Every structure is written in structure tokens, then in C-alpha cells.
Amino acid sequence: MKNLLLLVSIAILTFSCSSDEETAIQLPIACFSIDKEVVEVGEEFVITDCSENATEITFSYTNNEEEKTTTESSFTLSFSSPGTQTIQLTVSNENETETIYKRISVLQPRTRYKFFDYPNGTRGFPIASGINSENNNLFMIEIIDDILDNSLGKIFYREIDNNNEIIESLYIGDQTDNTGNCFRFNKLNGELVFTFVNTLGNYYSSREIILDQSGSLVKNGRSDLTVSYNNIKVGDEFAFFGSNRVSVDTEFKLAPAIQIRDVNNNVIKTMNYPSMEENAFIGDLTKTSEGYIGYGGTFTSENDILENYEPVLFLLNENFELIKNIRYTSQLTSSVTSINDLNGSFHIEELSSGNFACYSHNELRVVAPDGNEIMSKLTRGSSGINDLLNLNDSFIVTENRFLTKYDHHGNELKSIQYGGQFISGLIQKNNIIYFIAAESSSDLVENLGNISLLKGFMGAVNDNLQIVDINNN
């Protein structure tokens, strides 16, 4: 009998141990890998989940000051700002939840940029840039200011070769007024025309400086158009756009205007559009299938105080006859308050969807071909020196310290902090997007100590906003 009880006890114990093993609790084990421990701003890396016993996974991180989450088991990521970034993984099943963290270092890609040389105590501030169509060199127009010298700032035209070296530095003139907008026009006879939008107090006008092929001064005076923001090619002629001072009911005001000139900058005809009650201007102009469309603004002013600023879309036919204008409610009324706020850049580009992207100051809007607003938003910063580059199915805008890419509906796709400010232009060349900007720097000056100054530099990205090393091209 005792032997029988012993056998039964062993059997029960054996069965009990087997059941415990079969019903052992399966806890989740969180695990993920990162294929790079150190990356640069905008550089992509791959995150892969390697967790065990998990029925749910969630990655979370902060990018561009926004909390992001994903449940993908493997994905590509890039960070828009430098610093130490944290990636969190939370896994769970019916029994438990576990969370782990990993950190990755994101560096500012300074070694991939080209920093221009300046004498000690000198500020370099680029206000315009582009491509010289005659030799395919990049160029910038820059204000150079020596803080040890009380004289006016000097404006220079500089060309940059394929090795990213400045090969030409041409003195244009002294900076007599405030300006954040300048464009270059090549006359057929070889002369160079530089046109600035100048403001000072209640002064708002354009100055035109013409240099001959040797760099000698031909003209330094007012433009034939009161305010001229830029021009576009129209057949064998050029359409300059901006604003013209006109008399309406015995009072003077600024009316939107387009001026047609020939290849040697001679005026052929001027078209003013004085129908708007307030002062107004066309800041950018582009060709469409039905004519032309312009983007600018309207405002009232008293002395140097600017009030009631509103962005305006101008619809014109093939003959530059104004069909209608469309005003938009602006979020800029509290930041565009001075005549000085009008000396910057304005942009309009037609996207592959047929919509138009419009950008000035730090306000971005996308509008339909008939002018109906699809979206509008304020971007980072408030600088009037900015640019918009059309990539057809998307576009890139410059913001204060950031480059941001949007789709053709205005949805943000990606953003990177490039490390500077005041980008004077985005220049697409050989599938690379170059930018020339200023960065905050400091010089140790005798008797003054460390002085904070802006210095110019050049960088580049691809169309996915990944930094390109221009020193190894």
C-alpha cells in the first residue's frame, strides 16, 4: 500500500511540474538596433526591432520639436536638429510591458560646408545669389562691413568656381540704405545691371547700379521703375515687376506695375495698375498657361510706419492686362509693420499639381489656379531674406536656421537645421541644391574683446535634404 501511494505521489508531482512548464508566463523582451551611432543633421539611418515575445511595439522620438510614434518594425529616420536624440521602444503582450531607450548623437555638418575668409572684425552678409548663365559659376551679392571703420558698408559681387573658391570680387558700390533684395541683369553689350530694393525711414525705392565690362561705374541712380523686385524673360524682352509712383485724384500712391525692357535695359513700355485704393506692389511674377500670375502685397503707411499689410495675388492675361486681384488675410500684420519689411524677397512658383506656392517673410500659402487658398502657415523666423525652390512634385523653402520640404499640397515632408540664417538663395546645379547663408560668429578685436558678427558660408543638400559634402565634389 505504501508503494502504491508513493507511485501516485510521484505521478502527481511529475504532472504538476509538466503543467507549470507548459503554462510558464512569456514576458516581452524589448530590443532594437541602430545601424549608426553618430549621424549628421538630415543623414538617414535605419532602426530595426529585435524584440521577443511581443505582440505590440511602439517607437517614439522627438523630431523638429514634434512627438513622433511608429509601430513599424524597421524604418529609416533622420533628425532635423543637432544634439543628443533619444529613441524609445515600448513592447508589450498580454502579460507585461517593457520600455528601453537608446541615444544617438546628431552633429552639425560644418566640415561639409565652405566658409569664406574675412578680415578680422569684418561682417559678411549675403543678400542675393544665383548662377551666371554665361559661365555656369555660382555668384553672390554680399554686404561687407568693417566694424573698425565708421564708413558705409561695401557691396560686392563675387563669383565662385567649381572648386568653391571665390575667383572674382567686383565692387558694386556703398550701402547707402537698408536692403535685403538685389538682382543682376546682363545687358547684351556686356554691362552688368544691379538693382536693389532700398528702404530707409519712409523711403521705399529701387537703386540701379550699372558697371561696364571692366567694372567701371556707368550709372548709380534710381531705377526707371520706382520699386523693382526682379524680372522674367518674355520672348526677346524682359518683364520687370514691382511698383510705380502714380497720381490718382491729385494724390500720389504706389501702384503695382510691370515694365517691359529690351536686352540692353531700355524701357519699351510701362503698365501701371492703380485700381487698388492702397499702395501695392508685385514682388514676384511667373508665366502660366493662361497668362501670368504675380504675388505681392498691399499696405497703407504714414512716415515709416506700415499698416494693414495684406498679401495679394495678381492674375494677368498674355498681354499683361490685369484680370483681377485676390487679397488674403495675413498672419503677418503684427510682424510686417515697417517700410523696412518690404525690402526682402517674394516668391511664387507653379507646382506639378497646378497649384501655386507663395512665400514671403515667414508666411507660406498654397493656392489653386483660380486663387482660392488651400493652406497657409507661418514658418520659423521672420526674415525677409528667403527663397523657395520648386521641385515640381514638391518644394523647399528657407526658414530661419531651417530648410523645409513640402509636397504640392503644402504638407511638410522633412526639415533640417542647417546651422545658419538668412539664406540668400537656393541654387540647383548638377542635381545639387546649393545655398549661401550667414552664420553667427565672433572675432577677438583689440580693445573691444569678442565681437559677435555674421559671416558668409556655402553649403549644399540633395532633393531629400541630405547634406552634400561640397569640399569633396
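Give just the number: which of (1) charged (D, E, K, R); (2) out of contact with any strand residue (DSSP E or B) (no Cβ under 7 Å at 6 or more places or on another chain); (3) under 30 Å from Met458 (Cβ atoms) does Lys114 not satisfy?
Here Lys114 clears every test but (2).
So, in segment 26-84, exactly how many residues are of a type in the set (Ser, Thr, Tyr) and closer than 20 Å to Arg112 by Cβ?
Start the filter on segment 26-84 by keeping residues that are of a type in the set (Ser, Thr, Tyr), which leaves 33, 48, 51, 55, 58, 60-62, 69-71, 73-74, 76, 78, 80-81, 84.
Now restrict to residues that are closer than 20 Å to Arg112 by Cβ: 78, 80-81.
Going through segment 26-84 one residue at a time, the tally reaches 3.
Which of the residues spanning segment 285-304 are in contact with a Leu (Cβ under 9 Å, 6 or more places away or on another chain), open to solvent by less than 60 Å² (accessible area, probe 1.4 Å) and over 19 Å from Ser334 (Cβ atoms)?
Leu285, Thr288, Gly291, Tyr292, Ile293, Gly294, Tyr295, Gly296
Given the residues Thr195, Thr176, which is the only one that is open to solvent by 30 Å² or more (accessible area, probe 1.4 Å) and of a type in the set (Val, Ile, Thr)?
On the way: Thr195 fails: open to solvent by 30 Å² or more (accessible area, probe 1.4 Å).
Result: Thr176 is the single residue among Thr195, Thr176 that is open to solvent by 30 Å² or more (accessible area, probe 1.4 Å) and of a type in the set (Val, Ile, Thr).
Give the residue that is modelled with the highest pLDDT, with candidates limited to residues of segment 250-265 that are assigned to a loop (DSSP other than H, G, I, E, B) and out of contact with any Phe, Trp or Tyr (no Cβ under 8 Å at 6 or more places or on another chain).
Asn264
Answer yes or no: is there a residue in segment 368-385 that is of a type in the set (D, E, K, R) and touching a Leu at 6+ places or on another chain (Cβ under 6 Å).
yes
So which strands (runs of 3 or more DSSP E) are wholly in segment 201-240 and hold at least 1 residues that are more than 19 Å from Gly173 (Cα to Cα) and in contact with a strand residue (DSSP E or B) (Cβ under 8 Å, 6 or more places away or on another chain)? Walk me through it before giving the result.
Working: elements: 203-211, 217-222, 227-234.
In segment 201-240, the matching strands (runs of 3 or more DSSP E) lie at 227-234.
Give segment 147-165 a look and list any residue that's farther than 29 Å from Asn447 by Cβ and surrounded by fewer than 18 Cβ atoms within 10 Å (Cβ to Cβ), or say none.
Listed by number, the residues that qualify are Glu159, Asp161, Asn162, Asn163, Asn164, Glu165.
State whether the residues of segment 219-232 include one that is touching an Asp or Glu at 6+ places or on another chain (Cβ under 8 Å), of a type in the set (A, V, I, L, M, F, W, C) and at pLDDT 95 or above.
no
Can you tell me which of Ser247, Ser289, Ser243 is hydroxyl-bearing (Ser, Thr, Tyr), over 21 Å from Gly130 (Cβ atoms) and not in a strand (DSSP E or B)? First the steps, then the outcome.
Values: Ser247 fails: not in a strand (DSSP E or B); Ser243 fails: not in a strand (DSSP E or B).
Ser289 is the lone residue from the list that is hydroxyl-bearing (Ser, Thr, Tyr), over 21 Å from Gly130 (Cβ atoms) and not in a strand (DSSP E or B).
Just for strands (runs of 3 or more DSSP E) wholly inside segment 61-168: which have at least 1 residues that are closer than 30 Å to Ser216 by Cα and out of contact with any Pro (no Cβ under 9 Å at 6 or more places or on another chain)? Reasoning before the result, please.
Numbers: elements: 66-70, 74-77, 83-92, 97-107, 122-131, 138-146, 154-160.
Output list reads 122-131, 138-146, 154-160.
Picking from Val38, Val106, Val46, Val91, which residue would you name as being open to solvent by 30 Å² or more (accessible area, probe 1.4 Å), touching an Asp or Glu at 6+ places or on another chain (Cβ under 9 Å) and either among the hydrophobic types (A, V, I, L, M, F, W, C) or under 21 Å from Ile416 (Cα atoms) (or both)?
Numbers: Val38 fails: touching an Asp or Glu at 6+ places or on another chain (Cβ under 9 Å); Val106 fails: open to solvent by 30 Å² or more (accessible area, probe 1.4 Å); Val91 fails: open to solvent by 30 Å² or more (accessible area, probe 1.4 Å).
Within the list Val38, Val106, Val46, Val91, the selection yields Val46.
Select from segment 134-161 the residues that are farther than 22 Å from Ile451 by Cβ and more than 23 Å from the chain's Cα centre (by Cα) and list them in ascending order.
Matches in segment 134-161: Glu134, Asn135, Asp161.
Restricting attention to segment 266-284, which residues are part of a strand (DSSP E or B), open to solvent by less than 40 Å² (accessible area, probe 1.4 Å) and aliphatic (A, V, I, L, M)?
Across segment 266-284, the qualifying residues are Met271, Ala280, Ile282.
Within segment 112-168, how many residues are at pLDDT below 90, closer than 26 Å to Asn231 by Cβ and among the charged types (D, E, K, R)?
Total satisfying the criteria: 2.
The values are calculated or read from the model by the stated rules, or taken from the named source; none is laboratory data. Since the model is a prediction, treat every value here as computed from it, not as a measurement. Note: ideal-geometry Cβ built from the backbone for every residue, glycine included; neighbour counts use all protein chains shown. Each accessible area value is taken on the protein alone, full model and side chains, heavy atoms only, with ligands, DNA and RNA left out. Shrake-Rupley method; radii C 1.70, N 1.55, O 1.52, S 1.80 Å.
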